[in-house]
Amino acid sequence: MSGSLRIAQVLAGAEHGGAENFFVRLSAALQASGSIHERAFIRRHAHRLDALRSQGVEAEGFRFGGKFDFYDAWVYRRRLRAFKPDVVMTWMGRASDATPKGDYVLVNRLGHYYKLKYYQQADYWVGISKGICQHLIEGGMPEERVVHIPNFADETPVEPLLRDSFDTPADVPLLLAAGRLHVNKGFDTLLRALVNVPDAVLWLAGSGPEEQALKSLCSELGLDKRVRFLGWRNDVTALMRSVDAFICPSRHEGLGSIVMESFAHRCPIIATRSQGPGEVIEHDYSGLLTDIDDVGQLSEAMNLALTDAALRERLVENATQVYATTYSRQVIVDAYLDFYRRIAEQR
C-alpha cells in the first residue's frame with residue numbers, strides 16, 4: 001500500500017442528499033480498485049462513517065462548523081496533513097473553503113452551478129457535467145485544469161417492490177419522483193401536471209423544506225388519493241424497478257444523478273430540460289424531455305409514456321446502452337484513477 005497514491009476525499013455535507021450518497025459510492029469504488037490508499041474526511045454523521053468503513057474506506061469525522069470554529073478546523077487540517085495525501089478532492093463549498101493549499105494537489109469537485117468564491121484556490125476542478133465545466137471556465141478557471149467526470153449509479157441489483165405497496169391499487173399506472181423537497185426540484189409543477197394524467201398514482205420519495213407546501217397543494221388539486229409521500233428513502237433504485245416511469249421535473253439540476261439511476265435500473269425517464277438532464281438525455285431516444293415548468297408538456301409526456309409500452313421499452317434499451325458506455329461504475333472509476341495519476345505526477 002505504501003507505493004499507492006494517497007487520496008483524501010473531503011465532504012462537509014448534509015445528513016442526507018444525492019451528492020452525499022455518491023460520495024460514499026465513489027469512495028468505496030475507488031478503494032475497491034486496489035489502486036490507491038484513500039481516506040475520507042467528513043462531517044460526523046455516524047451512518048455515513050459506518051457506510052464508508054464497512055466498505056473498506058478509512059474515515060474520520062469532524063464538525064466542519066462555521067468560520068469561527070477554529071479548534072475543529074485546526075484538528076481537521078492537522079489530520080489531513082498527517083495523512084500525507086498526494087491528492088485532496090473536496091466536495092462542495094464548505095469542504096472546499098475549509099481546505100487550504102498544501103503539499104498535495106488540491107481538486108475541487110462541483111456538482112452544481114455554485115458561486116465560485118469558495119473554489120478559487122484549487123489546482124484543478126472537476127465538473128460532473130459539461131455545463132458545470134463551462135461555468136467554471138467562464139468563472140476564470142484555466143480551461144486546461146477543468147475536467148469533466150460524470151457520476152455513476154448505484155448498480156447493486158435490486159428486487160422491485162410490490163405495486164400495491166404504500167396502499168396503492170395494484171392495477172393503476174404508477175409514477176415515481178424522488179429528491180429533496182425543494183423549490184428547485186419542481187415537484188409543484190409535477191403535481192399540477194398529474195391532474196391531467198387520469199388514474200395514475202405518484203410515489204414521491206424525499207424530504208425537505210417544501211414538504212408541507214406540497215402536501216397542501218396536493219389537497220388543493222384533489223390528488224390526496226393519488227399521491228404517496230414516502231419520506232426520505234434509501235431504496236430509490238428498488239422503487240424505480242417497481243414503476244412505469246420516473247419523473248424529474250427540476251427547475252435547476254447540476255447533473256441529475258437520478259438520471260443515471262434510471263438508466264442503470266431500466267426505468268423510463270421523463271425530465272425537464274434543466275441543465276444536467278437536458279445535457280444527458282437525448283429526447284425520444286434515452287428519455288423524454290419537456291420544457292421547465294410547462295405543465296401541459298409534462299402531462300402529455302406522462303400520458304404518452306404510460307399508454308405506449310413499446311415506447312417505454314425502446315427508451316429503456318437505448319438508455320441502458322448509453323449508461324454502459326458513458327456512465328457506468330467502471331468507466332467513471334477509471335476516469336478518476338487516470339486523472340489522479342496524471343495530476344499527481346505533476347507535483
| said: The conditions are (1) assigned by TED's automatic domain parsing to the domain that holds Q55; (2) without any contact (Cβ under 8 Å) to a residue 12 or more places away in the chain, and P157 fails exactly one of them. Which is it? | reply: (1)
| request: Among the residues of the stretch 65-119, count how many are assigned to a helix (DSSP H, G or I), without any contact (Cβ under 8 Å) to a residue 12 or more places away in the chain and not small (G, A, S). | output: 6
| request: Look at A193 and say whether it is over 19 Å from the mean Cα position of the chain (by Cα) and of a type outside the set (K, R). | output: yes
| message | Residues to consider are R6, R78, R63; find the one that is within 30 Å of G231 (Cα to Cα) and not aromatic (F, W, Y). | response | R63
| Candidate set: the stretch 131-155, residues that are in contact with a helix residue (DSSP H, G or I) (Cβ under 6 Å, 6 or more places away or on another chain) and assigned to a helix (DSSP H, G or I); chosen: the one modelled with the lowest pLDDT | G131
| said: When you check A324 against the structure, is it surrounded by fewer than 18 Cβ atoms within 10 Å (Cβ to Cβ), touching a residue at least 24 places away in the same chain (Cβ under 8 Å) and over 19 Å from C248 (Cβ atoms), yes or no? | reply: no
| said: Give all pairs with beta carbons closer than 7 Å in which a residue from the stretch 192-203 that is aliphatic (A, V, I, L, M) meets a residue that is buried (at least 23 other Cβ atoms within 10 Å of the Cβ) and part of a loop (DSSP other than H, G, I, E, B); count only pairs at least 6 apart in sequence or on separate chains. | reply: none
| query | Scanning the stretch 134-151 for residues that are without any contact (Cβ under 8 Å) to a residue 24 or more places away in the chain and within 16 Å of T90 (Cα to Cα), which turns out surrounded by the most Cβ atoms within 10 Å (Cβ to Cβ)? | reply | V146
| Extreme residue, nearest to V183 (Cα to Cα), among residues of the stretch 206-223 that are part of a loop (DSSP other than H, G, I, E, B) and either among the small types (G, A, S) or in contact with a Cys (Cβ under 8 Å, 6 or more places away or on another chain) (or both) | G208
| field | Set A32, A12: member being buried (at least 20 other Cβ atoms within 10 Å of the Cβ) and either farther than 24 Å from Y118 by Cα or touching a strand residue (DSSP E or B) at 6+ places or on another chain (Cβ under 9 Å) (or both) | value | A12
| note | All conditions in (1) at positive phi; (2) hydrophobic (A, V, I, L, M, F, W, C); (3) modelled with pLDDT under 95 are true of A170 except (1)
| query | Residues L176, L110: which one is at negative phi and touching a Cys at 6+ places or on another chain (Cβ under 8 Å)? | reply | L176
| request: Look at the stretch 156-185 and say how many of its residues are under 11 Å from L239 (Cβ atoms), within 19 Å of the chain's Cα centre (by Cα) and part of a loop (DSSP other than H, G, I, E, B). | output: 1
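The values are calculated or read from the model by the stated rules, or taken from the named source; none is laboratory data. Keep in mind the model is a prediction, meaning the values are calculated, not measured. So basically every Cβ, Gly included, is an ideal-geometry build from the backbone, and we count neighbours across all protein chains shown.
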